[in-house]
Each structure stands twice: as C-alpha cells, then as structure tokens.
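K.L.:
For reference, the structure I am asking about is given below.
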Amino acid sequence: MKKYIYITIATIAIFAISVVSCSDEFVERPVQYSIDSENYFNSKTDYDNALIGAYDLLHSTFINVLMGEIASDNTFAGGNGPNDVPGYQSVDDMIHTPVNAQIKQLWDWMFAGVQRANYIIEFKDKTDFAGKNQIIAEARFLRAYYHFELVKWFGGIPMNGDKRFAPGDEKTVPRSSVSEVYASIEADLIYASQNLSVLAAQKGRATRGAAFALLGKAYLYQGKYAQAATALETVITSGSYRLVSKSDLTAQQITAGLTAFGSIFEDAGENGIESVFEVQYTDVEGGSYGQLQYLEGNVAVGFAGPFGYEGPVFADGNNFNLPTPKIANAFEPGDLRKAVTILDMATWIPANPGTSYTKQHEDTGFFNRKYIPRKRRAEAAGDVKLTSPNNYRSIRYADVLLMAAEANNKTGNDAKARTYLNLVRDRAFDDVNHRITASGTALNDFILTERRIELAGEGHRFFDLVRTGKAAQEIPGFVAGKNELFPIPLEEIQFSAGNWAQNPNY
C-alpha cells in the first residue's frame with residue numbers, strides 16, 4: 001500500500017492546529033509531528049485526533065452559506081465594488097463559469113472533509129477500544145454532511161468508497177450518479193442514527209437527532225416524502241429539542257427588547273435547545289484572506305457586515321450578502337422575525353445617534369442581522385473581520401418542523417403538516433391569530449413561503465428553489481437546465497483527463 005506522509009498541513013492541520021475549534025472546547029491539543037499515515041490509528045487517541053480533524057473542515061462551510069444566499073433571490077453579492085471577489089459577483093448574476101475561485105474553494109474544501117472522514121473509516125478495523133462505534137458513527141455523519149453539500153452544488157460526484165483518494169484516482173474513479181451519492185449519504189446517516197449518542201459529549205459533536213434530521217433532509221431533497229416524514233418525526237418525538245420561547249429569555253434579555261427568535265442568533269443562544277446541529281467557531285486563532293480555510297472564525301459573518309460601521313451592538317464588515325428589497329418586503333405585518341433577520345439602516349441609524357457606515361456596491365440599506373459581526377472582545381485574534389466567533393446554526397428545530405410539514409403535506413397528512421407549520425408561526429407572531437388553515441397545494445405553498453421567511457439568511461433558499469422547481473421564476477438570470485447545478489471546476493476536469501464530464505451547458 002502506498003505510503004502518505006502527513007506533515008504540517010496534512011497532519012498537524014488534521015490532528016493539532018486544525019483541531020483547535022471544531023468546538024470551542026476542542027482546544028490546546030498536543031502537537032503531532034510527522035506521522036506515517038499507514039502506521040497511525042494505534043490508540044483511541046489517534047482516532048479522536050483524526051475525528052477532530054474531520055470536524056475542522058466544517059469551518060470552511062462558511063462559503064456554502066454565503067454563496068448559497070448570494071445565488072438565491074434573497075441577497076445581492078455586494079462588496080466594495082463590482083469586481084470585489086468576482087466569483088461571488090458572477091454567481092449573483094448567474095453568469096458563473098467553470099473558472100471561479102470560490103466555486104473551486106467549495107469543491108476543494110468539501111472533498112477535503114470527505115477525505116478526512118474516509119481516513120478514519122478506511123482504518124476503522126485497525127484497533128479496537130471501547131466507544132469506537134461512536135467515533136465511526138461521527139465520521140460517517142461528517143462524510144454524509146460533506147457529500148450532501150457536494151451533491152447539492154454539483155450533482156453526481158466521484159466517490160471512492162471507504163478509501164481516501166490517491167493521486168491518479170481522478171483518471172480512473174468515475175463520477176457517481178446523484179442517486180448513488182444519495183444512497184451513500186443515506187447509508188452513512190442510518191448507521192450514524194443507530195450508533196450516535198443522544199447527547200453530545202462535547203458541544204459541536206454530531207448526535208442521533210442530527211443524524212435523523214440530516215437523513216430526513218436528504219430524503220426530502222430526493223422527493224422521498226414518506227421516508228422524510230418518518231425520519232423527521234423521530235427528531236420531533238425525541239424530546240431533545242423544542243422551539244426557543246419567551247420563557248427561555250432572561251430578565252435582562254427581555255429588558256433589552258430581545259425576542260425568543262432573536263435570542264437564537266446571539267452568543268448566549270449558541271448550542272441551545274433549538275440547535276440540532278451547529279458549526280462551532282471561535283476567535284482564538286487568526287488568519288488571512290489568502291488562507292480562509294485555516295481560520296477558526298466564521299468568515300461569512302465578517303463578510304456580511306456593514307463596511308466602516310461605527311455604533312452600538314454591531315461591528316465593521318465587508319459589505320457582502322446584502323438582503324434584497326424583495327426579501328425585506330416579504331414579511332407579513334406583525335412578524336417579529338423581520339427585525340431579527342433584516343438590519344434596516346434607515347431605521348437603525350436614527351434610533352442610535354452617532355451610528356454610521358460607508359455605503360458600498362449594491363447598497364440596499366439592509367444587512368443580514370442574524371449573521372453580521374457583533375462587538376468584539378479586545379483579545380480577538382487576527383483580523384476581526386475574519387475571526388467572528390458566531391456559530392452557524394446548520395440545522396435548527398424550526399427547519400425540522402418545516403421539513404416535516406412539507407413531507408406530511410406531500411403524503412396527505414395535512415393535519416400534521418398544519419400543526420408543525422403553525423408551531424413556527426405562533427412564535428413568529430407571538431399569538432395564535434396567524435395560523436394557516438389551508439390544505440393540499442395551497443398548504444404546500446404556505447410551507448415553502450414560511451421556509452423562506454424563517455430561514456432567510458441561513459443559506460437554504462437557493463436549494464429550496466431548485467428542488468421545488470421554482471428557481472427560474474424567482475432568481476434573475478437563472479437558466480433552467482443549467483443553473484440547477486454549479487460547474488465542476490475547470491482544473492478538476494483537466495486533472496481527470498476526460499474521465500469526468502462537465503455539468504450540462506457549462
């Protein structure tokens with residue numbers, strides 16, 4: 001078997017430096033030096049360290065969230081000018097090509113996550129110890145997570161079973177079909193759901209509920225509505241999650257005018273009762289714009305902040321991912337989520353004298369309040385625009401309820417679908433006077449509209465439009481038969497020497 005020597009980035013990044021924050025608790029691990037990868041996995045500690053390395057690539061999913069919003073009708077690319085990060089600008093205009101640095105980063109980083117998970121799975125039988133099934137289950141959850149991101153963006157992708165890719169495999173391993181990728185995702189998540197703990201041993205670790213939720217989502221994306229309803233019902237009836245409510249707020253939060261929905265996205269709301277799976281970020285390690293994958297902070301947050309901001313609560317950012325007037329106007333009167341989702345400078349500045357920011361490209365006066373930088377502690381490392389510690393709420397319980405509502409509606413159980421939909425709406429309006437009573441297709445339309453409002457700014461909108469066949473009518477410049485998928489990066493096509501075909505019409 002060919003030897004691979006993991007040094008510096010390939011080993012230290014996997015086992016030590018990159019370990020520092022797949023959760024805020026995964027810190028100060030002993031540094032590993034050069035290790036022959038085929039002679040690793042001789043102890044539980046080796047498996048633990050490799051698993052932390054697999055979690056670490058979750059940090060790079062900031063680009064999935066940022067670009068997933070920009071690709072939709074929810075936000076404009078923004079930036080300091082029309083040529084600021086051209087990859088984002090072209091995705092916003094739906095004119096992206098196989099030569100796009102940000103699409104290439106997404107491909108590279110998600111495959112790196114698969115590779116790290118497969119490293120563990122490839123050697124799953126090498127050493128026995130108590131609790132190994134939990135570690136393998138976490139590795140398989142992570143592989144499914146990265147594969148799900150890849151199939152959403154690119155369709156069928158190359159897969160190499162339980163082995164790492166080696167140089168030259170790109171010329172022999174074919175692109176699997178979309179159905180084959182989903183079959184792998186399902187198998188991984190079924191295994192994970194059977195072997196993961198109900199409670200995470202550390203914040204940021206995958207749980208049984210997270211596995212069932214992601215499995216339900218994978219079924220939903222394939223139109224397997226009965227299976228989706230069953231998987232999501234397991235999460236709902238588990239008793240492990242619920243919507244954050246007013247009773248969860250502290251007296252200080254109430255005095256500050258914070259709503260239950262708003263509390264989710266603040267520091268105190270991280271890893272709360274509504275969080276099914278959350279990507280952990282921290283500001284303890286800095287980085288640079290040329291090495292974004294090494295950062296431990298949430299890059300998407302700093303990118304989405306108002307440029308040159310001076311004032312209370314929030315902090316300076318890079319002016320990307322600007323909410324469109326379309327999403328700002330989509331909220332019903334009385335919906336408490338609007339003030340949490342949209343920071344409207346036209347009302348914020350007069351209410352906070354001395355506040356200012358510098359208008360930049362595609363300025364709408366709106367910013368994604370859920371994920372823009374807050375005031376930072378003095379010890380924050382590096383460029384504070386790149387090291388925001390805001391966690392990403394990858395799967396929220398509200399998302400689970402709305403997916404379950406959709407799946408039940410599609411399988412004829414409108415009563416249950418309305419129940420789950422109205423749980424979300426009751427909180428949104430803080431009353432029961434806005435409940436939906438529709439059935440059938442009309443109910444489905446209400447559910448999809450609710451998903452857009454509830455999850456605005458969280459990276460789901462583009463893929464919801466694509467999977468429901470509504471993208472062409474909602475996204476300016478979207479070309480049906482092409483833009484449902486993103487192009488395989490040109491370098492990958494070239495490396496494969498004709499083994500991988502490009503996605504249609506690119």
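K.L.:
Could you list, in sequence order, the residues of region 403-417 that are in a helix (DSSP H, G or I) and more than 10 Å from S439 (Cβ to Cβ)?
P.N.:
Matches in region 403-417: M403, A404, A405, E406, A407, N408, K410, K416.
Quick grid of which residues meet (1) closer than 20 Å to D283 by Cβ; (2) at pLDDT 95 or above; (3) among the small types (G, A, S):
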residue: L336; (1), (2), (3): no, yes, no
residue: L343; (1), (2), (3): no, yes, no
residue: I349; (1), (2), (3): no, yes, no
residue: V384; (1), (2), (3): yes, no, no
residue: Y392; (1), (2), (3): yes, yes, no
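K.L.:
Take the residues in region 75-107 that are free of Cβ contacts under 8 Å to residues at least 60 places away in the same chain and out of contact with any helix residue (DSSP H, G or I) (no Cβ under 6 Å at 6 or more places or on another chain); name whichever of them is nearest to Y371 (Cα to Cα).
P.N.:
Top of the filtered list is Q89.
K.L.:
Here's another thing I want to ask about it. L443 - would you say it is outside any loop (DSSP other than H, G, I, E, B), closer than 30 Å to V301 by Cα and at pLDDT 95 or above?
P.N.:
No.
K.L.:
Now for a separate question. Mind telling me which of the residues V301, V284, V235, V276 ends up being closer than 24 Å to K375 by Cα, modelled with pLDDT of 95 or more and in contact with a helix residue (DSSP H, G or I) (Cβ under 8 Å, 6 or more places away or on another chain)?
P.N.:
Residue meeting the stated conditions: V301.
K.L.:
Okay, next question. When region 236-256 is examined, which residues are found to be touching a residue at least 40 places away in the same chain (Cβ under 8 Å), over 12 Å from R427 (Cβ atoms) and out of contact with any strand residue (DSSP E or B) (no Cβ under 7 Å at 6 or more places or on another chain)?
P.N.:
I236, S238, S240
K.L.:
With the checklist (1) within 30 Å of V299 (Cβ to Cβ); (2) in contact with a Lys or Arg (Cβ under 7 Å, 6 or more places away or on another chain); (3) part of a helix (DSSP H, G or I); (4) not polar (S, T, N, Q) in hand, flag the one item L448 doesn't pass.
P.N.:
All conditions pass for L448, except number (2).
K.L.:
Take the conditions crowded, with 16+ Cβ neighbours inside 10 Å, closer than 22 Å to A54 by Cβ and of a type in the set (S, T, Y) and apply them to Y294. Does it pass?
P.N.:
Here the answer is yes, as Y294 does meet what is asked.
K.L.:
Report whether or not D188 is touching a residue at least 24 places away in the same chain (Cβ under 8 Å), crowded, with 18+ Cβ neighbours inside 10 Å, of a type in the set (D, E) and closer than 19 Å to Y55 by Cα.
P.N.:
Here the answer is yes, as D188 does meet what is asked.
K.L.:
Another question about this same structure. Does S240 satisfy the criteria of being under 30 Å from R140 (Cβ atoms) and either at pLDDT 95 or above or among the β-branched types (V, I, T) (or both)?
P.N.:
Judged against the criteria, S240 is a match.
K.L.:
I'd like the residue in region 187-219 that is touching a helix residue (DSSP H, G or I) at 6+ places or on another chain (Cβ under 8 Å) and among the charged types (D, E, K, R) and, out of all such residues, is nearest to Y392 (Cα to Cα).
P.N.:
R205
K.L.:
From the list S43, S21, S72, which residue is of a type outside the set (A, V, I, L, M, F, W, C) and modelled with pLDDT under 90?
P.N.:
S21
K.L.:
Just name the residue that is nearest to the chain's Cα centre (by Cα) out of those in region 464-477 that are touching a residue at least 40 places away in the same chain (Cβ under 8 Å) and surrounded by fewer than 20 Cβ atoms within 10 Å (Cβ to Cβ).
P.N.:
R467
K.L.:
Now a separate question. Would you mention how many residues in region 449-483 are farther than 22 Å from L322 by Cα and touching a helix residue (DSSP H, G or I) at 6+ places or on another chain (Cβ under 7 Å)?
P.N.:
Residues flagged as farther than 22 Å from L322 by Cα and touching a helix residue (DSSP H, G or I) at 6+ places or on another chain (Cβ under 7 Å) within region 449-483 amount to 3.
The values are calculated or read from the model by the stated rules, or taken from the named source; none is laboratory data. These numbers were taken from a predicted model, which means no experiment stands behind them. Note that we place each Cβ from the backbone using ideal geometry, even for glycine, and neighbour counts take in every protein chain shown.
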